[in-house]
Amino acid sequence: MMESLAVSLVNAVPALSGVPLWTMTLLVMVVVAAVVLTFALLYAGLATYVERKVAGDIQARIGPNRVGPLGLLQFLADGIKLLLKEDIIPAKADRFLFALAPYLVFIGSFAAFVVVPFGVGLIASDLNIGVYYVMAISSLVVVGVMLAGWSSNNKWALLGGMRAAAQIVSYEVPVGMALLPAVLIAGSLSLQDIVRSQGGLLGIFGWNLFHNPFTFVSFFLYYTAALAETNRTPFDIPEAESELVSGYHVEYSGIRFAFFFLAEYGDMFVVSALATACFLGGWHVPFLDAEALPVAWGNLFSLGVFLAKALGLVLLMMWIRWTLPRLRVDQLMRMSWKYLVPITFFNLLGVSLWLLVFHGKGIPRMIASLFG
Amino acid sequence: MKARAEALPTQEMLINMGPQHPSTHGVLRVILRTDGEVVVNARPDVGYLHRALEKIGERVTYAQFMPFTDRLDYLASMNCNAAWAWTVEKLAGIEVPERAEYIRVIVCELNRISSHLIAFGSFTADMGAFTPFLYAIRERERINDLFEDICGNRLTYNYVRIGGVSADLPDRFLEKTKEFLDYFEPKIPEYNKLISYNKIFVHRLANVAAISGGEAVAYGLTGPNLRGSGVSFDLRRSEPYSVYPKLDFDVCVGTGERGTVGDCFDRYMVRINEMRESVKILRQAIAQIPGGPVMAKVPRAFKPPVGEVYFRAENPRGETGIYLISDGTVNPYRLKLRAPSFVTMNIFEKVTKGLMIADIVAVIGSFDIILPEIDR
Amino acid sequence: MEPKAIFEAVKGKFGEAVVELQEEGFRPAFVVVSPESVREISLFLRDDPAMKFDSLMCLSGVDYKDRFAVAYHLHSLEIGHRIGVKAYLPREAPSLPSVDGVWPAANFQEREAFDLYGIVFPGSKDLRRILLPEDWVGYPLRKDYKYPEFYHGIKV
Amino acid sequence: MGAHRPGNAPPEGRQMSHDPAHSGPAPAVGPVSLGPEAHVMVGNADKFINWCRKSSLWYLLFATACCGIELMQTGASRYDLDRFGAVFRATPRQSDLMIVAGTITHKMAERLIRLYEQMPEPKYVISMGSCANTGGPFYKDSYCVVKGVDLLIPVDVYVPGCPPRPEALIDGILKLQKIIEQKRNFAAKA
């Protein structure tokens, strides 16, 4: 992918023809990575702002409005302040692991951005194992969180880390199983392929969400399990402020804490993006074939649509957070193993049978074919 | 399976919860011994806010102690003010004008609502739902406004005085109170819809730390905590004082509607229902309040006769008892404050055995403790 | 039951251990008992079908300058009557049996009396300082208590 | 400014960095070796950093007594401290500002000092209410109340009142922002 981009770049700009291809490829890689990272950081910053505004709105207050116009620069102030804070490593902490943990969490969360299909051609790397890659790379988060909890040498942090590990590992199972229907329908693990499989001019009825009853359920199962995987309310027990003070990052200050903070918002986006790509038609614009448009317009449209869908889901997460109370740890585990896992499993079975029986056709397509 | 569990020795963990912890409602410290997430033993360690109110009481005059009662339970200052006034009046045999008694009841019930609002709000915040807390504060601010009209302060009022109240109600106060009640009454079902019957919330509270009626009495629980265990005992009804006999209200008790009687949910619901009863009392009191003076004649150098008196009043957190010994001088000889939260903490260690860490927070919240009362 | 009747009943049962009835100026009235018999009398007051004092409202230490006292305020939810029980103690080594086996509510309040008055309650489940730090010197609510100048280097 | 207790060893795990924030007034003008452009740059950088710090005062939820309720109400619906970018954190490690809201007793004193020491630099302290300022109503007759939190930790802003009104607390925070604005970060070190 990168290579082809580099080739086309070299072809387009004759002045670059003297540069060896590998240099160009590397350059393109760096630039793409920088773009994705910039987007991710900018998004995370703005998301914190929006979260506070949403919270304010729900709670009958205003939220930040003094720092910059409408308080929009709040995240900048927070970020720079955290960057300039004293860096504390507790004396009894395991220094190396303590320092490593936030980066692991951050990488685990932001590396997943690589395969997010932002638009028709806007994907950093269209891996043919996209879904699998996201699941695998986001598991790094568990390692990081556990290390953070363990290395802090603080009992609250340890409890938080253990809770997080148990929770994320448990919910990884239903998350994966709930995503599989989309994979089955598309017949590919590549996210771009999954999005393409939901195209057609059926409008929103091309989406996997409406493919059959099982996928419909799957979406909600995925969203619920994903909420738990990102440690958001009502499943935010690893950081449960009123129980564990701040959970696994209780000892972290300054920029290291900022990494955890960013990672949380990164995670939120990744799971929302995954839900969008797998169930909500990804970057497909209803009644418009984005791929048929000129490249620039097609990308722009599809990017806008994709972000709108994904950020809408992020917003929903915020809404849920400020509305619901928190589950207890045993209830959380019970919910995963006793309810979500069996249901997702049967759901998967149902989708497979459906595909077998109806030769891969979804309900909307069947209805459409009735009317010719 | 069991054999394997034995082969793996697990260590108990000693965790220190507080005195600085977001949900210990102040500076309570709980020393937790846990086996993983399960609490083996939770021992409360109090006294981080011991401000020596009883010693101060022996060194100031009767009237001067009034501001300190504000700080005994700052969420229910009016009730504490009134309890002190009633105690001293009982000791000295002072007749208080009826209008003053009505005013006291009005401000006490308003304060009960605002105290229960904080109890409701902080409890839900402890359960992870932060939003109801802000709604509770929103309503509470309106009560604060009313009290500000009366006495100029938002939290510590020093409004009730020995022999009456410091000043008559300001203009339009009763109308404003009525407006507030009209505004507030529909909010209670709203809270219930928002959080009380939320499935997660109910699951977190039902059957957690259930206390039987007999146990509650033996451990000296009072107020909503006692009534949550199904014991219908309210001092306003059982040992009526002031003008409460003239007012009609129900005593709310726990019914075990979502679990066992006396669990955290029952204690929570008793408070929600009591707010409704307080609204009822307020409406009657506003309708009945007579005219007249608001202060009895009390000499400046007030010296009550020698004697000992124990008076108790139904405050939002339970029975606030004051044991007052007078030696005939201007200062109280001995002043014992029997604070409901302090006695309630006694049962804490017993009911938290075998719960999970998250339940500890629920139990603390459901007891609605307040630290200055525990530590005084 | 009236205080007088309660006093008579207790007096009839325990004889010498019950000293007097303090009625004039005392609300509620106090049955003054000897400190050694506090536990037995408490049990009687709790369990006797005519008494049924199931609730210990308040337990307080008092410093009467020449002697200490511990005052119990009892209440019966079932019958609805109240009584006070008081035991006078010498200033030197004040001690009387704990009643936290009778009313569990007593535990914290006994600890408080121990903390602030230095009254010892043998037989208590757990008698430690409760409000003040473990290493605090003196019993602040005693009338002859002298305020310390420093605690851990901080001026008091 | 208040001093640490004698013999108060630096806490484990934390270098005692010398912070200009608490070492009295910083020199108004930087060293002469810098040219005027450098001054402008340093000045702008300072301004920017100070702006960030003052706009993001995360306060530690340290509520011990009555003032704690006012602190909560200041953070809640009507007064909303979040407008100024001030949100509460439960752990001292992530806080910039300690609002000591309420009475500090001798039993609590050690914990207060420890919490203060756990906060990362730069850190600020607002002493809220009479009890924290001086011991308040408990000054004269109480044997166990610390008579002013400045006996334990350095205080930047005192907010009077018993308890202070939310407006007063907000004013205190705005005053603290003014103090932060005047700090020199680079100029003093250059």
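The values are calculated or read from the model by the stated rules, or taken from the named source; none is laboratory data. Since the structure is predicted, the reported quantities are computational estimates derived from the model, not experimental observations. Here Cβ is always computed from backbone atoms with ideal geometry, including for glycine, and neighbour counts include all displayed protein chains. We work out accessible area using only protein heavy atoms, side chains counted, and drop any ligands, DNA or RNA first. Shrake-Rupley method; radii C 1.70, N 1.55, O 1.52, S 1.80 Å.
Overview of values
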| item | result |
| --- | --- |
| Translational diffusion coefficient (Stokes-Einstein; Kirkwood radius from C-alpha pairs) of segment A:331-372 at 10 °C, 1.306 mPa s, in µm²/s | 131 |
| Percentage, to the nearest whole number, of Cα pairs in segment A:64-173 over 24 Å apart | 47 |
| Selection from B:163, B:124, B:94 lying farthest towards where the dipole of segment B:91-214 points positive, charges on Cβ | B:124 |
| Cα Rg, Dmax, segment B:41-196, angstrom units | 17.5, 55 |
| Student exercise, segment D:110-190 dipole from Lys, Arg, Asp, Glu Cβ charges, in Debye to nearest 20 | 180 |
| Hydrodynamic radius (Kirkwood) for segment B:51-109, which is based on Cα pairs only, to one decimal in Å | 12.1 |
| ³J(HN,Hα) computed for each position of segment B:286-291 - Karplus, 6.51 cos²θ - 1.76 cosθ + 1.60, integer Hz, glycine/proline x | 5, 5, 8, 4, x, x |
| Straight-distance crosslink candidates among lysines, where the alpha carbon sits under 18 Å from residue B:90 and sequence neighbours closer than 8 are dropped | B:297, B:303, B:336 |
| 30 Å tail of the calculated P(r), chain B, as % of Cα pairs | 39 |
| Summed buried accessible area for A+D [probe radius 1.4 Å, Å², rounded to 100] | 3000 |
| Within a Gaussian network of chain A (alpha carbon springs, distance under 10 Å), most fluctuating of A:90, A:14, A:234 | A:14 |
| Whether segment B:196-327 is rounded, prolate or oblate, judged on the alpha carbon gyration tensor where a/c under 1.5 counts as rounded | oblate |
| Cα gyration tensor shape of segment B:20-133, rounded if a/c is under 1.5, else prolate or oblate by comparing a/b with b/c | oblate |
| Percent RCO, i.e. relative contact order, over segment A:223-262, from Cα pairs under 8 Å lying at least 6 residues apart | 19 |
| Those GluC sites (Glu not before Pro) in segment B:19-121 that DSSP places in a loop and that have at most 15 other beta carbons within 10 Å | B:95 |
| Over segment A:1-100: Rg over Rh, Cα atoms, Kirkwood Rh | 1.21 |
| Relative compactness, segment B:266-358, computed as alpha-carbon Rg over 2.2 N^0.38 Å | 1.61 |
| Cα-based equivalent ellipsoid of segment C:1-86: semi-axis lengths in Å, sorted from largest, via gyration tensor | 19, 14, 12 |
| Rotationally averaged projected area of the protein assembly as shown (alpha carbon convex hull; nm²) | 52.4 |
| Area accessible to solvent at residue B:234, 1.4 Å probe radius, in Å² | 0 |
| Hull volume in cubic angstrom per residue (convex hull over the Cα atoms of chain C) | 116 |
| Relative contact order computed over chain B (Cα-Cα under 8 Å; 6+ residues apart), in percent | 25 |
| Alpha-carbon centroid distance for the pair segment A:153-174 / segment B:225-255, whole angstrom | 46 |
| Separation of alpha-carbon centers, segment D:91-134 and segment B:130-154, rounded to whole Å | 26 |
| The protein assembly as shown - charge dipole about Cα centre, Lys and Arg +1 at Cβ, Asp and Glu -1, debye rounded to 20 | 760 |
| Within chain C: Cβ-based charge dipole about Cα centre, in debye rounded to nearest 20 (Lys, Arg +1; Asp, Glu -1) | 280 |
| Low-density loop cleavage sites - GluC sites (Glu not before Pro) in segment B:226-278, where at most 13 other Cβ are within 10 Å (DSSP) | B:257 |
| Accessible area, probe 1.4 Å, largest first, for residues B:74, C:139 | C:139, B:74 |
| For residue B:264, solvent-accessible area (1.4 Å; no DNA, RNA or ligand), Å² | 0 |
| Solvent-accessible ranking of A:330, B:327, C:63, A:57, largest area first, probe 1.4 Å | A:57, B:327, A:330, C:63 |
| Rounded to the nearest 10 Å², the accessible area of residue A:236 at probe 1.4 Å | 20 |
| Per-residue ³J(HN,Hα) for segment B:129-145, Karplus 6.51 cos²θ - 1.76 cosθ + 1.60, θ = phi - 60°, Hz, x for Gly and Pro | 9, 7, 5, x, 4, 6, 5, 4, 5, 4, 5, 4, 4, 5, 5, 4, 4 |
| Reachable lysines, given that their alpha-carbon falls under 30 Å from the alpha-carbon of residue A:81 and they are not under 8 places away in the same chain | A:53, A:92, A:155, D:47, D:54, D:123, D:175, D:178, D:183, D:189 |
| For chain A, built as a Gaussian network whose Cα springs stay under 10 Å, the top-fluctuating residue of A:357, A:217, A:115 | A:357 |
| Degrees between helix C:3-14 axis and first principal axis of chain C (Cα, 0 to 90, nearest 10) | 90 |
| Debye-sum result for segment A:206-320 in log10 I(q)/I(0), which assumes one identical scatterer on each alpha carbon, at q = 0.09, 0.15, 0.20 Å⁻¹ | -0.33, -0.75, -1.05 |
| Value in Å of the Kirkwood radius, where segment A:86-370 supplies the Cα pairs that are averaged | 19.5 |
